[in-house]
1. Which residue, A:ALA149, A:GLY192, A:GLN461, has the largest displacement toward the positive end of the dipole of the protein assembly as shown when charges sit on each Cβ (Lys, Arg +1; Asp, Glu -1)?
2. Mean Kyte-Doolittle of at least 1.0 plus a Cα span of 18 Å or more along the axis: flag which DSSP H helices in chain B meet both, please.
3. I'd like the mean, over residues of A:33-43, of how many other protein chain beta carbons sit within 10 Å of each residue's own Cβ.
4. Quick check: net charge around B:GLN101, other residues with Cβ under 14 Å of its Cβ, Lys/Arg +1 and Asp/Glu -1?
5. What are the trypsin sites (Lys or Arg not before Pro) within segment B:106-206 that DSSP puts in a loop, where the Cβ has at most 16 other Cβ atoms within 10 Å?
6. Show that you can apply the helix-only estimate: for chain A, add -39,500 (n - 2.57) for every DSSP H stretch of four or more residues, divide by all residues, and state [θ] at 222 nm to the nearest 500.
7. So how strong a dipole does chain A carry about its Cα centre when Lys and Arg Cβ are +1 and Asp and Glu Cβ are -1, to the nearest 20 debye?
8. In deg cm²/dmol and to the nearest 500, what is the mean residue ellipticity at 222 nm of chain B if only DSSP H runs of at least 4 residues count, each as -39500 (n - 2.57), divided by the residue total?
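Every read-out reported here was derived from the displayed coordinates using simple, explicitly stated rules and does not represent laboratory data. Quantities reported herein were computed from a predicted structural model and do not represent experimental measurements. Heads up, the Cβs are rebuilt from the backbone with ideal geometry, glycines too, and the neighbour counts pull from every protein chain shown.
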Amino acid sequence: MASVKKQRLSDGLSVTQKVFVRSRNGGALKIVREHYLRDDVPCSSICCDDCEEYYRPTPDGGKNEPVLSGEPLDLGKQNIGKHYLVLDTNVVLNAIDLLEGDKAFYDVVIPQTVLEEVRNRSYPIYMRLRALCKNDDKRFAVFHNEFKAASHVSREKGESAQDFNDRLIRKCASFYTEHLKSHKIDIVLLTGDKNNAEKASKEGLVSMTLHNYVSLLPNFAELEDMLPSNETFSRQLNEINYQDYYSSARLMGGIKNGTLYQGVINISSYNFLEGSISVPSMPKPLLILGRENLNRSFNGDSVIVELLPQSKWKKPSTEIVDEETINKNEVGDDDENEVIISDQERKLLAQQAAETQGHDDKVIPTARVVGIVKRSWRLYVGQLASNAAASSQNTGNAAKSCFVILMDRSLPKIRIRTRRSRELSGKRIVVAVDSWPANSKYPEGHFVRVLGDIEDKDAEQEALLLEHDVEYRPFSKNVLDCLPKEGHDWKVPENLQNGDEQLAKRRDLRDKLVCSIDPPGCVDIDDALHAQLLPNGNYEVGVHIADVTHFVKPATALDQEGASRATSVYLVDKRIDMLPMLLGTDLCSLKPYVDRFAFTVLWELDQDANIVKVDYFKSIIRSKEAFAYEQAQLRMDDQSQQDDLTKGMRILLKLSKKLKQKRLRAGALNLASPEVKVHMDSETSDPGEVEVKKLVEANSLVEEFMLLANISVAKKIYDEFPQVAMLRRHGAPPATNFEVLNDMLRVRKGMSISLESSKALADSLDRCVDPQDPYFNTLLRIMATRCMMAAEYFSAGNFGYEDFRHYGLATEIYTHFTSPIRRYCDVVVHRQLAASIGYEPLHSLHRDKAKMDLVVKNINKRHRNAQFAGRASIEYYVGQVMKNTQSTHEGYVIKVFSNGIVVLVPKFGVESLIKLESLGDIKDSHFDDELYKLTFTGHNGQSRQISVFDRVNVFVTSQLDELTGKRKAQLKLA
Amino acid sequence: MSRLELYSPEGLRVDGRRWNELRRFECRTNTHPHAADGSAYVQQGNSKILCLVKGPMEHGANLAAGTKLDANGPVLSITINYPPFAANDRKKRQKNDRRLQEISIILKRCFMKTIVLKNYSRTVIDISLTVLAMDGGLLACFCNAITLALIDAGISLYDYVSAISIGLFDQTPLLDMNTLEESDLSFVTIGVVGDSDKLNLMLCEDKIPLDKLERLISLGIEGCHRVKQLMDHQMRVAGQELQERQ
């Protein structure tokens, strides 16, 4: 700090200058910040008249209003009557859930200092805090204390940044205390830092910790459980000593000189003590084995690892390890009984070590976590460990700590402290993680709220939405305000020449014979088609996509909501929409017999379905009919129907077959997934039966034209916007992904999959047929699908053209254009296409590469989450179906471990683990990992061999998992 | 993602200004009476610029060899000194830094429209700019400093040229950007002739949506008029002093 000087200007502003000179990377870096102090920063209290003139208009004509109420909460204590709260940074960081709740914490002042600190420490919490400040009900106000002349202080020589910030916050509180004295409003400074609280008291401020404050509130009991844990757990735990993380300087240095590696840790869902991490400099992921090496990392954390010496390198475990089978008997309170590593864990480790020495051919480098860059902590759903609840039966209502077992099995259990363990047992609850100290075996957290009873349909649904981070709350008012005011009565204007320039650019296609083909019961119809024979013998084919961007204008609240949801989520009996119902199922939906706006891609195709000409424009269409797939199929097959609409559909069918043929010839893959559909009883909406999804020709008709439209549009927007065009790519899978599968195939069946190109892969998959087992080929396709890379969205500037390739579809360039009602990617593509045909200029949001990167990152994440949520929903319902029906079915072994096998049952699309214990005698088993064969003695005394790809009969029941409360398929060998 | 809140929902910028406020503007003329015919010092916030003007004269010292004098007006030669200590990171600039060259050409074009050309045929006017400290608004400071130094040198101008930079944060135009803002937002620099709405200078090096540009420029013109007032005030004070001394 070189100089600080103050100057008062004539117009009332004064200026401070701070000059820092510090050296980084050897060079000198000067940081000069100007800092204008002002008086006109309002205090935001309604009852204060002095600040009235300080509320200045914003450039767009709006005005900030005072938010703090004149009648805040009155505690009626001697020094705390009616009061406002001033929060310290650590309170916000630790107790944001509590602040967001509607039970307490109104009229709160957030000093600018705190806001900035929170922003630097955790951006998501900052966003939540900002959202709170916007919320009119909660009455949170940001006070720019560093810019207000009366509350500004300069940093003293030698004062640490932390101390300086604390002093700024105290100054802010004392300013408010003085400022509002005449209005009889007290100020309470909440802080988690005892030092700070003491200093504040010395300065004559009212200051207390969060816990003390909450204990004064009338609804104390309710709030107590939600308090963050860092103070209640302060007593010394000594169950384990994790290694301390390296200092940040050492971490940075290590990464720079290549001795440490950074990556995202991925904990195996079969073995909670085994993680892997992909680092750019290594061809294969590194293994991280054991609790100590994982060193307090959560699945999905961004961590820094260090390689272990070669003597500790191992092969991935062939064992299934479940946290609960090992640490089943722990209760949160019984810390004394816990040893650093339980004996069972030790045994496992030793076993693995021995195995490693046996065959050193497949040894993989192992590593340990030495630092955490970014936690992936969020809210988690789980339930109380059952033994904790049981033991609390006799202890009454005293607060005690107990474990919460999370639904996600790759995560450790979380220790919380609650008085209501009895009440909470058997419920799905939401918890937040606060910290994971080095001396505690498990992370510590606090209770947030109850979702409902375990296995209750609504609670389970909400749980799985929360677990997959799906926004499911109803649309907020300012989002709904962006919808057309006419509501359901909105109509396409009668007069197309009413002076609206954009309307005049639309082409009127209402005379074309357009129809839509969708799954039965579909209400959000994105796409419609038409085809007709042209006089020159070619065909005119049009794909019409709902014109969502006519209603969703960029940078509106509606658009932002859509962008953050990014996709609709389809659960078995519920759909979580990306856009409000009014748009999705009515105004945008291309319903039959009404006029609708559409975005049209119009081709001229020759007899062999080659593109002669392509045109893009916005249009008005009137769909003649909305078909379900089967219905369309019947109509096309029925030769007595000879009307023009049916003829058009037959043209489409004919062309689609040619398109498909061309695509397969180019090497498009035909993969499989064990997808099933759950039928619901229409009256009770209880799940009825499970069915494997069926496909008819009409499905592929629609699909082929959508692919064609997507490809054509991708080319067009890439030509126009080579940097920011929103595209979708699917990378070629690395050969290593297929190593295990190929090895299993070679050993067991004498077949192999070729990976040279997607065509070679497609052909070799076709060749792998077991004449005795027609399902084998499908099984192989399912397993091959799992070895594939995931397709992803990207903006064109991030990859070279040759990397745009969509491996699965075997096309050079691809995007998503055809479902704007349910995918945000398509909305962006619509806007880019509209700009490229000169319909309207492209908003800067989609022209800025940095902003597009954020959009892309979000939709990729949401897209993945939506898929997982959909699958989890099916899994839940399949579990419910099986509750009623227990039977024996055919299954296939897809994985063999030394202590169990994984079996897939095609009928239900479920796969589950069968442990060695339930197969037979544990001691008398032999696992041959060269041949993927497990030999064991069954319970009936007969020796039995099971290897991968075997067809087995399994007895399928569903069982409620005592620990996680999840109903899961339970398989037994029949 | 910027580490800082560049423009808070409460309407304050990183340094505490509102969207339409200038930074502290200070200027002085005749700072180096013995070294040049005209000199000026301009400070906008933490940006500090020194400008020396020599001329009109028959031969320029810094003129590139072979440059011919013009019968219709002066030859402007603008040299820019950007010493290593001026910027935040201490780095040496090459002698013919392309960006500085570009800026000098832009300034040359701007002032060839401002100087009364016919008074200075077959002469050289030598302008040398020195950056003492830089905290955003490079071109704008240069332009303001040159205007003052030219006036101080007694060279006839049609009117003041006052310049300012304006940036765009989402939908909000921000007047007079500092370095922090410049590094994250796209901005445009404009120079306005006197109290008119005429632009003699405009430079935009980033992408700005066309529909927002108009708002930026109209805010910029207001800012420029304010800068002109401040400069004019300073000139009148200087003039007064001169009168009193005689």
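1. The one lying farthest along the dipole's positive direction is A:ALA149.
2. Working: long enough: B:98-112 (21 Å, 0.21); B:138-152 (21 Å, 1.98); B:210-245 (53 Å, -0.58).
What comes out of the filter, once short or polar helices are dropped, is B:138-152.
3. Details: counts 7, 14, 4, 10, 1, 5, 0, 1, 4, 1, 0.
Other-chain Cβ atoms within 10 Å of each residue's Cβ, averaged: 4.
4. On the way: positive: B:ARG93, B:LYS95, B:ARG98, B:ARG99, B:LYS108, B:ARG109; negative: B:ASP97, B:GLU102.
Cβ neighbours under 14 Å give a net charge of +4.
5. Values: sites: B:LYS108, B:ARG109, B:LYS113, B:LYS118, B:ARG122, B:LYS198; in loops: B:LYS113, B:ARG122, B:LYS198.
Of the trypsin sites (Lys or Arg not before Pro), the ones in loops of segment B:106-206 whose Cβ has at most 16 other Cβ atoms within 10 Å are B:LYS113, B:ARG122, B:LYS198.
6. Details: 27 runs with 292 residues, N = 974.
Helices in chain A give a 222 nm mean residue ellipticity of -9000 deg cm²/dmol.
7. On the way: 129 positive and 137 negative charges, 453 e Å.
Result for chain A is approximately 2180 debye, rounded to the nearest 20.
8. On the way: 4 runs with 72 residues, N = 246.
Counting only the DSSP helices, I get -10000 deg cm²/dmol.
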